[in-house]
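Structure first, commentary second.
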Amino acid sequence: MRSHGRMFFAVVFVGAWVKQVLKRPCLDLFIKYGCGHGQSALHFCGLRHQMIMRTSCAQRVHRPSIVRLCTSSFDWLHVENGTSIESSPDAVILPAFPLTAIDWPGCTVELRIIDPAYRKMYNDLLASGARRFIVPFTKTLLPDGRVRYAEMPLEDRRMFRICPVLEFESIKDRSKQTQDDVKYVVQHSVCGLARLKRILNPSALFLLDTSGREDPFRGDCADPDGKVRHAQGNLGDYLRAEVEFLDDGDVLSGANMTADSAQRLIELWTGIYERSVQVGEPRMKSADFIKEHVLTSSTWRLAESWRNLKMALWSHRDRILVRRQAWDWIKKEQDAGRLPHDLPPDFNIKEAGLPQSLGRNSFLWSVRARKWNAHPGGGHCLPGDFWDPMLRLLSARNVQERSEILIDMAQEEINLMYARDAVRCALSPE
């Protein structure tokens, strides 16, 4: 009965866990990565034989949120193709660079400029002496992260109205080093937040220039069967947006959490660190680092650290999942006598008949690992429920609200980890 009880407990969590299997790689100096014996090299056309760690299930425990700003249609600007419009009198006009990424006030951002439209944007900024633009959050095409509204469903053609304002600090031309694949590498500071009121030239997101060179890094798309095709054309122009700056007294201040909130977050983050050590998952440097970081950093810095950690966790769990699915299929084929038990070193899993659905997962994961997206910390392969709480953080009205959201998210991750542990225990042999 004890065994059956454990199995029943595990099954309760399976449905919620399935929604959490897509993650995104992220590199950050404060994160350590679990390096167990289960690491292997999995590619779309080749698989090397190594042990796969068992992946478990988990339940997402829902706590009441302070605000669900990102679920309100009022906080999204839906964009339709149309002619350009005139700006309002005395309006603030800034260029807009939509990405599936969120950056936090007071932090720094590096962007790699690939598309012709954004090469033009930076050239115009340099020529005019201006240095600021907004980065609205939007969905992008899988798997390469292109913003092509003409190819996206109607419900995805929208931008979150609360936007980071970036100010570029230095710009380096990398044309020669990258054979003109990357034009600029630009360092920015996030100098504040703005509210996106309207787009003045929405057609820029729909019209493609097919006369230029084909982009070798950002032209790949995946059809439902996993086959690769090349997208036709690049955006020829960038967006201009009418915005209003948000007057938040603590946007760029060093406003920290209260002592009680900080202590609670330290306890939760330390608990996450300890569980991650036990199961070999990505984690922050140490418990001492967590305590110092929470006590001395603004809530914006803490938001950045949390986003980076969550990206690393999702990437790690996705990698484990893809490997496990591939090896489960190989084991099934071996048991049926269709594959040899001793796989050759040059074993090609695609040619061996890997199902199209698993092949697509392998392909998408390999694309996620590429470093050629415009935003190194972008997450276009992540599902919407990853970004929802991050957008709530971005929209929080003050330090206390951000503190409570950070605590809620940390508690949810603790619940997730314990649920995964319970499933791992239930499915492991006695």
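Tabulated values for the structure
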item	result
Amide H partners (placed H, <5 Å) of L193, local residues excluded	V165, L246
Unsatisfied cross-links (Cα-Cα over 30 Å) in the set K139/K183; K139/K331; K285/K332	K139/K331; K285/K332
Neighbour net charge for D156 - beta-carbon separation under 11 angstrom, K R +1, D E -1	+2
Residues whose placed amide H lies under 5 Å from that of A241, excluding near-sequence neighbours	L94, A96, L200
Descending principal axes extents, the range 92-177, alpha-carbon based, whole Å	36, 31, 23
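Rule-based calculations on the coordinates, nothing more; no lab input. These numbers were taken from a predicted model, which means no experiment stands behind them. All Cβ positions, glycine included, derive from the backbone under ideal geometry; neighbour counts span all protein chains shown.
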